[in-house]
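These notes concern the structure reproduced below.
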């Protein structure tokens, strides 16, 4: 495969050796300027490849996968039992059967096995822990993802010492690429941290093309006090506000936990909480594999660690003249349901449908209910949920045929906890008013989210909703 770079200005280098010279590092508590090694890996006299260096950076390590096997001086095979995390189905097996180099690429291959009437899954997961761990830099990979219900490929990062600040999520996690196998036009970049667990997530949706059909470059630029996410050079997310703490103790000095060396992980999960399990449409062939053209790591010559956490300011939304925090609650405005303002209509995990505003109601028409309750979903974020306050959550709804729907008020930034739990309501062809009391006991959140979940409930009957209200008592 022809190796392609990302930015203009190529530097011809030989293939890189496995061993790296450690960067100059300060202790975690030392807020100072750190210097990095400009030649962390020494070139070896083998086949030359063209690596393009982003402006302001130098290359510290790369793997172009031009050999005939995965270099175990650079990479570790991981071994984990099924269900180790997130109720995933696969066993990670440390074998070249599931993670191998072929035709200039790293291939991670999930496999379905059937024996004695039982189905099991195996897959590959590799990392650079204790071999290529870096504190700050640009980390990128050019790759193509698998297609199929139940697949979750990932290019992500974890600390070299996961116990330094404590077990996940206190240690921190940086997800550079996650693409659901049945929704291969959307990439998610996510930061996990804190106790309680919090996350910051951005997404990039392709207007043309598909992550399973062509290669794309997924990257982050990580500096003291800020992490930025890129897709083919276009920034789509950034974050500068995070923390690390043990419950009952003071927070660690910012920018903990993202001020320690991290390593890269590549894997393909099968099943689990987010992608759902494979179904009859899932095919375990060459299209089930993740193909990685290269992994590259760059750093700047130095980084200034004299940074401060942004001042914590909650942006609590104002209620309308009727005390309602839901905007366009009567659907009097025909707004764009695909943007991030007010109402948004979402489809995931095989859900198919449309939403249309008209005559002071929103009408949701489904063709396929999908495999998850959130597969067909109407949401509005930015609900100001204040600790110790009571709210009244109400709406009117009906359906063309009797069916159920599950409203909820959730916390996208706080591990998706529920301020109001997913509650089934029975819809009929006649309008009904549903009213619920919400007692907010969690920490104040300026980004609660009203949700109506219409997937995986045994029906695709059309739903009508109007007069949605969230009012503080």
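Only the coordinates and a few stated rules stand behind these numbers; no lab work does. These numbers come from a predicted model, not from an experiment. We place every Cβ from the backbone using ideal geometry, glycine too, and count neighbours over all the protein chains shown.
Things to note:
- Paramagnetic reach from residue 226 in the stretch 110-148 [backbone N under 18 Å; point 7 Å along Cα→Cβ]: 136-139
- Rg [Å, one decimal], Dmax [Å, integer] - the stretch 344-472, C-alpha atoms: 14.2, 41
- Potential lengthening between residue 443 and residue 472 on full extension [0.36 nm per residue; Cα-Cα distance subtracted]: 8.9 nm
- Of the residues 444, 462, 128, the one with the fewest other Cβ atoms within 10 Å heads the list, and the complete ranking is 444, 462, 128.
- Length-normalised contact order of the stretch 10-304 in % [C-alpha pairs under 8 Å, at least 6 apart]: 25
- At an R0 of 22 angstrom, the distance between the Cβ atoms of residue 436 and residue 360 translates into a FRET efficiency of 0.50.
- Spatial separation of Cα centroids for the stretch 136-187 and the stretch 298-312, in angstrom: 22
- Debye equation applied to the C-alpha atoms of the stretch 224-306, log10 I(q)/I(0) at 0.13, 0.14, 0.21 Å⁻¹: -0.76, -0.85, -1.19
- Cα-projected label distance for residue 417 with residue 247, points at 7 Å along beta-carbon direction, nm: 0.9
- More than 13 Å apart - percent of Cα-Cα pairs taken over the stretch 273-328: 83
- Longest to shortest principal axis, alpha-carbon extents of the chain, angstrom: 76, 55, 42
- Which of 171, 289, 389 has the fewest Cβ neighbours within 10 Å, and the rest in rising order: 389, 171, 289
- Simple spin-label estimate for residue 334 and residue 86 in nanometres, 7 Å along Cα-Cβ: 4.0
- Fewest-first ranking of 107, 283, using other Cβ atoms within 10 Å as the exposure measure: 283, 107
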